[in-house]
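Student: Sharing a structure below in structure tokens format, with a few things to ask.
The values are calculated or read from the model by the stated rules, or taken from the named source; none is laboratory data. Predicted, not measured: the structure shown is a model, and the values here were computed from it. For neighbour counting, all protein chains shown are included, and Cβ atoms are generated from backbone atoms with ideal geometry for every residue, glycine included. Heads up: the accessible areas ignore ligands, DNA and RNA and are worked out on the full protein's heavy atoms, side chains in. Shrake-Rupley method; radii C 1.70, N 1.55, O 1.52, S 1.80 Å.
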Amino acid sequence: MEIVGSMASTLAAEEVQRSLIHPIRRSVSRVFNYSRNVKSLETLMEELSDKKTRVQHSVDEAKNKTEEIEEDVVKWLASVDAITEEADRVLEDKDKAKKRCFMGLFPNLMTRYRVSTEIESIEEKAVKISLRGEFNRVSYPPARRGIGDRSVKDYEDFESRRHVLYEILDALKDNDVNLVGVYGMPGVGKTTIVKKVAEKVKANRIFDVVVLAVVSKTPNLRRIQGEIADGLGFKFEAETDRGRAERLRERLERETKVLVILDDIWERLELDDVGIPSGSDNRGCKILMTSRDRNALYRGMDTKKLFHLQDLLENEAWNLFKNMAGDAIKNPDLKPVAVKVAKRCAGLPIYLVTVASALKDGDLSEWKDALERLKRFDKDEINSPVNSALELSYISLKGEEIKLVFLLCGQLIPHYIPIHDLLKYTVGLGLFKHISTLDEARHRLNKLVNDLIACCLLEGGADGIVKMHDVLHSFAASKDHRVFTSSSGTVLREWPAKDMLAQYSAISLLGCKISELPEVLNCPKMESFILYNVDPSLKIPDCLFKGTKTLQLMDMSDVQLPTLPSSLQFLEKLQTLCLDRCGLGDIALIGELKMLKVLSLMGSNIDRLPREIGQLTRLQLLDLRNNPMLEIIPPNVLSCLTQLEDLYMENSFLQWGVEGLDDRRNNASLAELKDLPKLSTLYLHITDPMILPKDFFSKKLERFNILIGEGWEWSSKRETSTIMKLKISASIQSEEGIQLLLKRTEDLHLDGLEGVKSVSYELDGQGFPSLKHLHIQNSLEIRYIIDSTMLSPIVDFPFLISLSLDNMNKLEKICNGQPVAESFSKLRILKVKSCPMLKNLFSLHMERGLLQLEEINIIDCEIMEVIVAEESGGGADEDEAIKLTQLRTLTLECLPQFTSVSSKSNAASISQTRPEPLITDVRSNEIASDTRLRTPMTLFNKKIEVPNLEDLKLSSIEVEKIWPDQPGELSCWFVRLTSLIVEGCRNLKYLFTTSMVESLAQLKRLELCDCVSMEEIIIKNGLGEEENVRGMMLPKLEFLKLKGLPNLTRFCTGHLIQCCFLQELWIEDCPGLKTFISNSLSTDAVANNQFGETNSTLFDEKVAFSNIEKLRIVGMDNLNMIWHTEFHSDSFCKLKILQVKQGNKLLNIFPPNMLRSFQNLEHLEVGDCASLEEVFDLRSLMNEKESYVVTAFKLKNMNLQKMKKVWNTNPHGILSFQNLHLVNAWNCPSLKSLFPASVALGLPQLEELKLCSCGVEEIVAEEERLGEAPKFVFPKTSSFILWDLPKLKSFYPGRHTSEWPVLKKIDVFHCNEVPVFDPELQSTQRSAGIQVQQPIFSFEKAIPNLEELSLDVKDAVKVCQGQFSADLFHKVRVLTLRCFDDASAEFPFGILHRFQNMEKLVVTCGYLKELFPCQLVDEEEHTLARIRCLELCNFPNLEKIWNQDLRVDQLLQNLETLDVTSCGSLINLAPSASTFGNLTALHVRDCKALKYLVTSSTARSLVQLSVMSIKECKMIPLSDRSNCDKLSKDEDFFPGNLEHTKAAESMAIRRKGQRTLERRP
């Protein structure tokens, strides 16, 4: 116990010492060791500062190397700064500790204690910080920073770019794609878009690293490697190129997902030499390349996934341009010039940015000067960025020939360059060396054109047409100063000086206006002369070509050449002569041009090929296309052209003679063509197959377009080079030559084929190995296209692209039996129409033949049930679906028995995916109960997959459902659907379920028409109110049309539906649709009015259409209101066009309190709304207590029909309609006035006012507040039309004045209660104080600028009597005279000399028997001589237009258009001796008494006639032949098929441009 007690005492003493003694000792030591503590801290902080300095030096050095500082170093430096600041604060208190207390007797112990305590704490922290300050390194190299880490500066997200951008992204996501290429012309933005791709793939984590290297025309391997390495944060240690490549490859292969962008590739770059892994062995590295040469990517780099980046759309280009040009272009004087400048930049971003930046804030003079420089493509600052880029592309072209072809394109119309014309020109100029035949030249030209297209220096087009970008065209035209060019639309006022002309090697005048050609072109060096004429009056001087003896190429198109200029005989070197669309007479002189290789007379209205053409023994190409009047080719002319390779007779000569049948024949025979040993191209129509010579067709034909039989039409499409259209008997089709061509034909049309039941088996036992397009029509015997049961297996139609079958009454199957797998393997387009025995298109056996299908079109097949049918015994896998992965378009029309795309519906498996029935309301319950009894077959099922379907049209088919209610995996097959049209499907009750509509995110167009059972568009497919449709629906829908849906009650059930992209909405003839979106109330309950009578409102707060611009509502008789008084704030605010018609219960158009929401409306049309009192209800706005600022409507056009009022009160102070451009009201018998006075006083933009058949008493209603004599000014009104206003008494009821400074047209008709004009007599009476009814116009103020005037006989007499000043009509170009109702009335000839500049005279309505008498005074004759257009209408008694003795040819020498309508007694159009040398258009309608149009002599004078139409006339000869010696003389002008014209037919002869014969009902 003592020991224990002793131990306890010891422990207690130690505890007392620890608890009391030690703290006291520490405290005392802090006070007495104060100075030592301060010194210790100062020393420690000095050492820490030195250490920090050393570390900071290392940090600064690292930063200079752009290295990143280690995070612990940064934190250590910050902690040093913090502890130093704390130490400094404590040390500042040491002076306070020196102060003494108790009158200086003792030190300040408390301060010393506090400071010492803080020093100990700081020292402890500082020691720890100092120990952490030992760093092996303070920095590290910067992390790799690819180009995708920062946003692309100034990138504009244009729609045309967005599409390409996302396609590139999709390609980069594809695991099977390693190489992706983007190509386009210089400056189009290739680099910019791939940088944007880099940004997107980094942001979306598609790639971890993106690096870019510029390759350039002269690639530097080490620089390319260095740029990639920099992007990877990687430094090379190896010195050799090979070693660097190996290290770079190793570094790239370590990355999981890396994108390498190689910009500006010109030719093949060996990726291995650079060190870029490629191929299937490295999927982690993908390569995106850009080039201005497609071949560099496709051939050089073996890139299969290519994207063509084209120039910006016009609106995109303008937006980019104006953003760069600044606010200056908002100036109304400068903006039109800026628009022209922007167009000159032709959509090239680099050009747009360069030019806009250079002209930013420039004045008008700078902009105009720039425009002229752009036109000339001067090599100055403004053009230099583009010019240098194009120059590099030009000099990089390999070979002189391709450069010459490029420059030649610069002499032609840029947007229309037929390769066929290029062939003619290159042969004429001899551009290709060491080539002697046309065929060799064609192949060389095609190769060079393809290379230019690949280089993006030309743009490929359809039907053998290429284009050249405007900027490239300007560049090419500027390259050769020896070429004189003038482009379309310009005016060539004077020719260059003689010394300059002498230097030119080529002249190219492309559609410019030429005042006149020189008498002699002194151009001793000229090789090419191209004239595309636009002025039919241009004369070609006879000696024009005397000074151009070196000319090799001449193209003069659209000129009148009754005789060829004699100076042609001097052109001894001429090799190409093109006289296309010319009015040619005698062309025998061409026979003197012995060196001619190419002769083109396309569309030149020749009727005879002269015998002298046979002298052109060097001729290789003869083009006689579009000469339907060519009837004579003398015998043995064609056979003399022994070098001829190409003969084109499309839409031309048909009158072939028969060899041996008539030795005195006047025409060439087909047998002559057999004597042409080099003929390899033939375009020909043989209407009578019986005249075909034996062995006419031979193997030497390489290109042909041959029509045999009546009824064929020529097509302008040129997809293939070998085309045959046959309507022949079985005996002829078996002829050896026909069989020979059939095997080589790529495009085959067969009509009325006889004696054939199986096409492939009986027409070509080899399966048509070359055929690409097959069209068969009007066959009564064909049962199968392929019959695999008839012969040993062969591949049928292995390269067929399109198959069209029309009106084949006995066709049972396209393929009978199981064909060889490769049959139809390339088929992309299938069209079937009017095949009443066809039940399906294909069987499951033909799966491989369907894989490439892109379009299926089935119309009017009575028993068609499915597209793909299952057949027993085929051995096909019933569970495996057919995947039509390429199908883009599917059209099914008029198929009454059609049930499904496949006969295997998989209904059981579909029903298993359906967890619950549809029970959205009472109607849906009915659907569900029906479903329990019978599951309707859906149009689409799991047997056929169409994952890329874009366009779907269903018309008049009897399906009850298009897709399953719970589509399951089917929904992913329609994610690309952009257009859906459903018409006449009477069994459809709804279109989508909510599950299905979710998959249609790409749908842009939806049309539903004439589906009589349709009750709702989208129905719910789940239980509970929470399942209502809500939020974004059909997010990309742009167009929605609902028409002819009598049972439709709503679009869907929902709370808030948003279609943010919807721009146009049509709702027509849907009488049951009273609200667009409804709540979940039962439709039957609403229909039975169980919830009380309420006004039906189409749109309310549940509809959010924020971007809709066009709205059409027609035939909605049960609708009370279009908009609820409160609708969604974002809806309809951008509405521009509103059309409301046939709404008999409609109470208003706009909710009064929401009227200002429609201030962007520009076009308004309202009509046939019986209950509608007014268009604008302003009374409610007037009653509102709150004051509003006047809202200016943007309304420009207003069309009203059967309206009572436009406004129910004066809108003054509420709304302004100052933007109105057009007001048109018709058939409004209750409308008393059109405008309130305040509106009429504020119409500065009104351009046209038209009132027809209305009860209007005054146009402007009287308003007391205006006081006396208000002044109405219409500064922009140019057209004023008043028709059939029997109650109209005044423009404004009280005294007033009106001004119409730019009025150009006045047409007042049947407004008998008000004087139209203010003649001098009435002016005198008013000035004398006599009360006279104020007319609509004051002549002196309204007429001086008038160009079109309509007068009735009463006003015409006043003009004749001189009641108006003689100079009031000096600008009138068009005069209409009407209302000759008095049987004794005569044409007021005295009026003619008052209109000295009249060009068009319209005479209508009356009982005149003869229009022009025998004699006219000189002034009247001079006026008639200026008339270019004469129209006569509605003269039932008119027998003659002019008397037999009248000199019509002198009086109407400039007449170009004659239009005669409803002249039932008219016998002919002109006296026998009349000539109309300038008449270009003749229209006759409803003249049933006509015996003939004109005499034969008059017919011969119609050399300029280009259009003639005859409608609703009895059978008439076109000319009187009573005085003709030979009938054929008349037929030389009028084609035989115009000889007899039935009533209600229209014909047109076109002799310029495209001369075609038209017949329209």
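Student: Here's a check for you: in the stretch 1307-1356, which residue that is polar (S, T, N, Q) and modelled with pLDDT of 75 or more is surrounded by the fewest Cβ atoms within 10 Å (Cβ to Cβ)?
Tutor: Asn1312
Student: Output the number of the condition that Cys543 fails; it satisfies all remaining conditions of (1) modelled with pLDDT of 90 or more; (2) closer than 22 Å to Ile413 by Cα.
Tutor: Every listed condition holds for Cys543 apart from (2).
Student: Moving on. Among the residues of the stretch 512-519, is there at least one that is crowded, with 17+ Cβ neighbours inside 10 Å and modelled with pLDDT of 90 or more?
Tutor: no
Conditions tested, residue by residue: (1) open to solvent by 30 Å² or more (accessible area, probe 1.4 Å); (2) of a type in the set (Ser, Thr, Tyr); (3) modelled with pLDDT of 85 or more; (4) assigned to a loop (DSSP other than H, G, I, E, B).
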{"residue": "His1422", "(1), (2), (3), (4)": "yes, no, no, no"}
{"residue": "Leu1430", "(1), (2), (3), (4)": "no, no, yes, no"}
{"residue": "Pro1436", "(1), (2), (3), (4)": "yes, no, yes, yes"}
{"residue": "Leu1446", "(1), (2), (3), (4)": "no, no, no, yes"}
{"residue": "Asp1449", "(1), (2), (3), (4)": "yes, no, no, no"}
{"residue": "Gln1453", "(1), (2), (3), (4)": "yes, no, no, yes"}
{"residue": "Asp1459", "(1), (2), (3), (4)": "yes, no, yes, no"}
{"residue": "Ser1465", "(1), (2), (3), (4)": "yes, yes, yes, yes"}
{"residue": "Pro1471", "(1), (2), (3), (4)": "no, no, no, yes"}
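Student: Are any residues in the stretch 1052-1080 assigned to a loop (DSSP other than H, G, I, E, B), in contact with a strand residue (DSSP E or B) (Cβ under 9 Å, 6 or more places away or on another chain) and either polar (S, T, N, Q) or under 14 Å from Leu1003 (Cβ atoms) (or both), and if so, which ones?
Tutor: Answer for the stretch 1052-1080, where residues must be assigned to a loop (DSSP other than H, G, I, E, B), in contact with a strand residue (DSSP E or B) (Cβ under 9 Å, 6 or more places away or on another chain) and either polar (S, T, N, Q) or under 14 Å from Leu1003 (Cβ atoms) (or both): Cys1059, Cys1060, Leu1062, Gln1063, Thr1075, Asn1079, Ser1080.
Student: Of all residues in the stretch 691-721, which are out of contact with any Leu (no Cβ under 7 Å at 6 or more places or on another chain) and β-branched (Val, Ile, Thr)?
Tutor: Once the filter is applied, which keeps residues that are out of contact with any Leu (no Cβ under 7 Å at 6 or more places or on another chain) and β-branched (Val, Ile, Thr), the stretch 691-721 yields only Thr720.
Student: Sticking with this one: Go through the residues of the stretch 441-460 one by one and say whether even a single one is touching a helix residue (DSSP H, G or I) at 6+ places or on another chain (Cβ under 7 Å), of a type in the set (Gly, Ala, Ser) and open to solvent by 40 Å² or more (accessible area, probe 1.4 Å).
Tutor: Scanning the stretch 441-460 turns up at least one residue that is touching a helix residue (DSSP H, G or I) at 6+ places or on another chain (Cβ under 7 Å), of a type in the set (Gly, Ala, Ser) and open to solvent by 40 Å² or more (accessible area, probe 1.4 Å).
Student: Counting just the residues of the stretch 1010-1034 that are open to solvent by 10 Å² or more (accessible area, probe 1.4 Å) and modelled with pLDDT of 85 or more, which one comes out farthest from Lys953 (Cα to Cα)?
Tutor: Ranking the candidates gives Glu1015 first.
Student: Also: Check Glu754 against each of (1) of a type in the set (Asp, Glu); (2) in contact (Cβ under 8 Å) with a residue 24 or more places away in the chain; (3) buried (at least 17 other Cβ atoms within 10 Å of the Cβ) and name the one condition it does not meet.
Tutor: (3)
Student: If I go through the stretch 319-330 residue by residue, how many of them are over 16 Å from Ala358 (Cα atoms) and either exposed (fewer than 14 other Cβ atoms within 10 Å of the Cβ) or modelled with pLDDT of 85 or more (or both)?
Tutor: The qualifying residues number 1.
Student: Name, by its number, the condition in (1) in contact with an Asp or Glu (Cβ under 7 Å, 6 or more places away or on another chain); (2) of a type in the set (Val, Ile, Thr); (3) open to solvent by less than 50 Å² (accessible area, probe 1.4 Å); (4) at pLDDT 90 or above that does not hold for Ile829.
Tutor: If we test Ile829 against (1) in contact with an Asp or Glu (Cβ under 7 Å, 6 or more places away or on another chain); (2) of a type in the set (Val, Ile, Thr); (3) open to solvent by less than 50 Å² (accessible area, probe 1.4 Å); (4) at pLDDT 90 or above, just (3) comes out false.
Student: Check every one of the helices (runs of 4 or more DSSP H) wholly within the stretch 294-401 and list those with 1 or more residues that are of a type in the set (Val, Ile, Thr), closer than 26 Å to Ser487 by Cβ and in contact with a Leu (Cβ under 9 Å, 6 or more places away or on another chain).
Tutor: Of the helices (runs of 4 or more DSSP H) lying wholly inside the stretch 294-401, those with at least 1 residues that are of a type in the set (Val, Ile, Thr), closer than 26 Å to Ser487 by Cβ and in contact with a Leu (Cβ under 9 Å, 6 or more places away or on another chain) span 335-344, 349-359, 384-395.
Student: Looking at the stretch 807-823, which of its residues are out of contact with any helix residue (DSSP H, G or I) (no Cβ under 8 Å at 6 or more places or on another chain), closer than 16 Å to Asn840 by Cα and either modelled with pLDDT of 90 or more or hydrophobic (A, V, I, L, M, F, W, C) (or both)?
Tutor: Passing the criteria: Asn807, Met808, Asn809, Lys810, Leu811, Glu812, Lys813, Ile814.
Student: Can I ask one more? Which residues, taken from the stretch 245-264, are free of Cβ contacts under 8 Å to residues at least 60 places away in the same chain and assigned to a loop (DSSP other than H, G, I, E, B)?
Tutor: Arg254, Glu255, Thr256, Lys257
Student: Going residue by residue through the stretch 752-769, is there one that turns out to be under 39 Å from the mean Cα position of the chain (by Cα) and either among the charged types (D, E, K, R) or within 20 Å of Leu890 (Cβ to Cβ) (or both)?
Tutor: Among the residues of the stretch 752-769, not one is under 39 Å from the mean Cα position of the chain (by Cα) and either among the charged types (D, E, K, R) or within 20 Å of Leu890 (Cβ to Cβ) (or both), which makes the answer no.
Student: Read through the list (1) at pLDDT 75 or above; (2) over 26 Å from Leu1000 (Cβ atoms); (3) open to solvent by 30 Å² or more (accessible area, probe 1.4 Å), then give the number of the only condition that Asn1088 fails.
Tutor: Going through (1) at pLDDT 75 or above; (2) over 26 Å from Leu1000 (Cβ atoms); (3) open to solvent by 30 Å² or more (accessible area, probe 1.4 Å) one by one, Asn1088 breaks only (1).
Student: Return a yes/no flag: does the stretch 229-240 have any residue that is touching a strand residue (DSSP E or B) at 6+ places or on another chain (Cβ under 7 Å) and modelled with pLDDT under 90.
Tutor: yes
Student: Considering only strands (runs of 3 or more DSSP E) fully contained in the stretch 1212-1256, which possess at least 3 residues that are open to solvent by less than 10 Å² (accessible area, probe 1.4 Å)?
Tutor: Qualifying strands (runs of 3 or more DSSP E): 1222-1228, 1248-1254.
Student: Say we look at the stretch 936-962 and pick out the residues that are closer than 16 Å to Gln1002 by Cβ and in contact with a helix residue (DSSP H, G or I) (Cβ under 7 Å, 6 or more places away or on another chain); which of these is most open to solvent (accessible area, probe 1.4 Å)?
Tutor: Restricting to residues being closer than 16 Å to Gln1002 by Cβ and in contact with a helix residue (DSSP H, G or I) (Cβ under 7 Å, 6 or more places away or on another chain), the top hit is Pro947.
Student: Within the stretch 171-204, restricting attention to residues that are among the β-branched types (Val, Ile, Thr) and assigned to a strand (DSSP E or B), which residue is farthest from Asp470 (Cα to Cα)?
Tutor: Filtering the stretch 171-204 for residues that are among the β-branched types (Val, Ile, Thr) and assigned to a strand (DSSP E or B), the one farthest from Asp470 (Cα to Cα) comes out as Val180.
Student: Continuing with this model, one more query. Exactly one of (1) closer than 25 Å to Ser902 by Cβ; (2) open to solvent by 10 Å² or more (accessible area, probe 1.4 Å); (3) of a type in the set (Gly, Ala, Ser); (4) under 40 Å from the mean Cα position of the chain (by Cα) is unmet by Ser823. Its number?
Tutor: In the conditions (1) closer than 25 Å to Ser902 by Cβ; (2) open to solvent by 10 Å² or more (accessible area, probe 1.4 Å); (3) of a type in the set (Gly, Ala, Ser); (4) under 40 Å from the mean Cα position of the chain (by Cα), Ser823 misses (2) alone.
Student: Take the stretch 461-479 and flag every residue that is farther than 18 Å from Gln310 by Cβ and open to solvent by 40 Å² or more (accessible area, probe 1.4 Å).
Tutor: Within the stretch 461-479, Asp463, Lys479 qualify.
Student: Also, quick follow-up: Which condition number does Ile794 fail, the rest of (1) under 40 Å from the mean Cα position of the chain (by Cα); (2) modelled with pLDDT under 95; (3) closer than 26 Å to Ile723 by Cα; (4) not aromatic (Phe, Trp, Tyr) being met?
Tutor: (1)
Student: Can you spot a residue in the stretch 1264-1273 that is outside any loop (DSSP other than H, G, I, E, B), surrounded by fewer than 14 Cβ atoms within 10 Å (Cβ to Cβ) and of a type in the set (Asp, Glu)?
Tutor: Among the residues of the stretch 1264-1273, at least one is outside any loop (DSSP other than H, G, I, E, B), surrounded by fewer than 14 Cβ atoms within 10 Å (Cβ to Cβ) and of a type in the set (Asp, Glu), which makes the answer yes.
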